[in-house]
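Below you'll find the structure, written out as structure tokens, and then a few comments.
The values are calculated or read from the model by the stated rules, or taken from the named source; none is laboratory data. Computed from a predicted structure; not experimentally measured. Here the Cβ positions follow ideal geometry from the backbone for every residue, glycine too, while neighbour counts run over all protein chains shown. For the accessible areas, the whole protein counts, side chains as well, though only heavy atoms, and no ligand, DNA or RNA atoms are used. Shrake-Rupley method; radii C 1.70, N 1.55, O 1.52, S 1.80 Å.
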Amino acid sequence: MTKYLQDIYSQPSKLIRSLEYSLDAGKNQLRRAAVLIKQARYIYIVGIGASWSAGISLRTSFSRIGMLSSLCDASEFLHFEQIPDNSVVIFLSRSGKSIEIIESL
């Protein structure tokens, strides 16, 4: 089996782990993040590849509730964005290992 195929087959279990964390140990951190997002004047959603595509849905969700946000490719964000005060940046990364995300942080 190729590494690519292994990655595909591992996705359901990784999603379950992520959801379990969000509903248990990570619940308080997510609540704090929600407060920061609600208070922010500017919201940036940053991802690359499939994570950028997931950002489309997140941006649409924010838009539906009247919160404006910008969706940025991680490589462009790293080199071209100026982040004003009172901003929140939401980094989306399935692996957490994308060099553009790591360098932006």
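Enter the per residue convex hull volume of the stretch 3-44, computed from alpha-carbon coordinates, in Å³ rounded to the nearest integer. Write down the numbers at each step before the final one.
Working: hull volume 3.5 nm³, N = 42.
That works out to 84 Å³ per residue.
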| task | Counting only heavy atoms of the protein chains, get the accessible area per residue of the chain (1.4 Å probe) and round it to a whole Å² value. | result | 76
| query | By how many nm would the segment from SER53 to LYS3 lengthen if fully extended, with 0.36 nm per residue of separation less the alpha-carbon distance? | reply | 15.8 nm
| Accessible surface of the chain, 1.4 Å probe, proportion on carbon and sulfur as whole % | 56
| How high is the relative contact order of the chain, in percent, counting Cα pairs under 8 Å that sit 6 or more residues apart? | 29
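Roughly how big is the chain's charge dipole about its Cα centre, with Cβ charges of +1 (Lys, Arg) and -1 (Asp, Glu), in debye to the nearest 20?
Values: 12 positive and 9 negative charges, 96 e Å.
Computed charge dipole of the chain: roughly 460 debye.
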| query | What is the Cα convex hull volume of the stretch 24-105 when expressed per residue in Å³? | reply | 103
